[in-house]
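Chemist: This is the structure, below, for whatever I ask next.
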Amino acid sequence: MTTNKRVLTGITTSGTPHIGNLVGAVLPAIQSSSEPGISSFFFLADYHSLIKHQDAALTHDSSFEIAAFWLACGLDPNKVCFYRQSDVPQITELAWILSCMTAKGLLNRAHAYKAAVAVNEEQQVNDPDKGVTMGLFNYPILMSADILMFNADEVPVGQDQKQHLEMTRDIANRFNHHYGEIFTLPEAKIGEDTGVLPGIDGRKMSKSYDNTIPVFCEFNKLKKLVRKIKTNSLEPGVPKDIGSCSIFNIYKAFASVEEVKEMKVLYQDGISWGAAKDRLLSVIERTVKPYRAVYAELVENRTDVENILKKGAQKAKDVADPILSKVRRAVGIKSF
Ligand code: TRP
């Protein structure tokens, strides 16, 4: 008998999908979802977005953009479970139950919370918790509920989420120890370095640095952004280093093995930055062009996207319900 491995991951709906999300998360996830023995759960972490900002239009727009992004890139909603976190209230119900089992001290150690406190301390603010919402503080519990609600085996995430997975395991362990074995302990699957792209300013591409290249923009906008990528001031004809070069590092995520080899030689020969950027632009465009066309169609058919998500939520609930019932019974919440 082949055992089914449950793979689960989510994207917070607080920004516009960028090419780092594309090659680092979405394409590899879609790829793995078609492997035999894998059942995939991909979702829009829309309740997580409320932690990052209180801009209702941004949360709403971003939810649509990210949903359409997955679908445009080839996600088959019949093969995977694809849903919006907020359509599955079982998750937030579980988050409450887990929060009652989780030591506050565990959350005191969470990176995102500690970073907020460190900023306050640096600025010598009287209250170290200034500006910290309970949402930010409880973030790791909501994320644990996302994962444990489906007894996921494997969670592909970026390096920055590693601690959250460790906390999820801690929380699950504690629950299982006290109430009986209910939850699967999930494994983090940390993306390889190659999945992390530099942004146009050379730092990691991230919506929080405002240095991203969106997947779905007009060709001219794409061209402009590629032109803006920061380089050093070496002249044409002077050999250039590939390791530290943003253009090269983005290029290798989109180009074939042959093209990468060729580009390495061109760097040694001192390719001009303008010519390197042209090559980069053409490989990005080649990849995103077909997705852009499907995306444009989805923008015109928003109810199709809505219906796909509603169907996905039903599938997700069918998996979550029996697990949540077990949890409720285990903690003593049951009929007389
Ligand atoms: N916190 C994740 C991020 O910011 C998004 C996320 C929310 C997630 N819930 C999840 C990822 C559950 C994996 C599993 O990237």
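The values are calculated or read from the model by the stated rules, or taken from the named source; none is laboratory data. From a predicted model like this one, the values you see are computed outputs, not experimental measurements. Cβ: placed from backbone, ideal geometry, glycine included. Neighbour counts: every protein chain shown.
Chemist: Going residue by residue through segment 302-314, is there one that turns out to be touching a helix residue (DSSP H, G or I) at 6+ places or on another chain (Cβ under 6 Å), over 19 Å from ILE19 (Cβ atoms) and of a type outside the set (A, V, I, L, M, F, W, C)?
Modeler: no
Chemist: In addition: Could you list, in sequence order, the residues of segment 152-205 that are in a loop (DSSP other than H, G, I, E, B), within 13 Å of the ligand (Cβ to nearest atom) and modelled with pLDDT of 95 or more? Don't jump to the end; show me each part of the working.
Modeler: So the first thing to find is which residues in segment 152-205 are in a loop (DSSP other than H, G, I, E, B), and the list is 152-153, 158, 180-186, 191-192, 196-197, 199-203, 205.
If we keep only those that are within 13 Å of the ligand (Cβ to nearest atom) as well, we get 152-153, 158, 186, 191, 196.
Within segment 152-205, ALA152, ASP153, PRO186 qualify.
Chemist: Moving on. Among the residues of segment 3-45, what is the count of those that are within 10 Å of the ligand (Cβ to nearest atom) and not in a strand (DSSP E or B)?
Modeler: 4
Chemist: Within segment 229-284, how many residues are more than 25 Å from the chain's Cα centre (by Cα) and assigned to a helix (DSSP H, G or I)?
Modeler: Final tally of qualifying residues: 20.
Chemist: I would also like to ask the following. Have a look at ARG302, ARG292 and point out the one that is among the charged types (D, E, K, R) and farther than 18 Å from ASN220 by Cβ.
Modeler: Exactly one residue qualifies, and that residue is ARG302.
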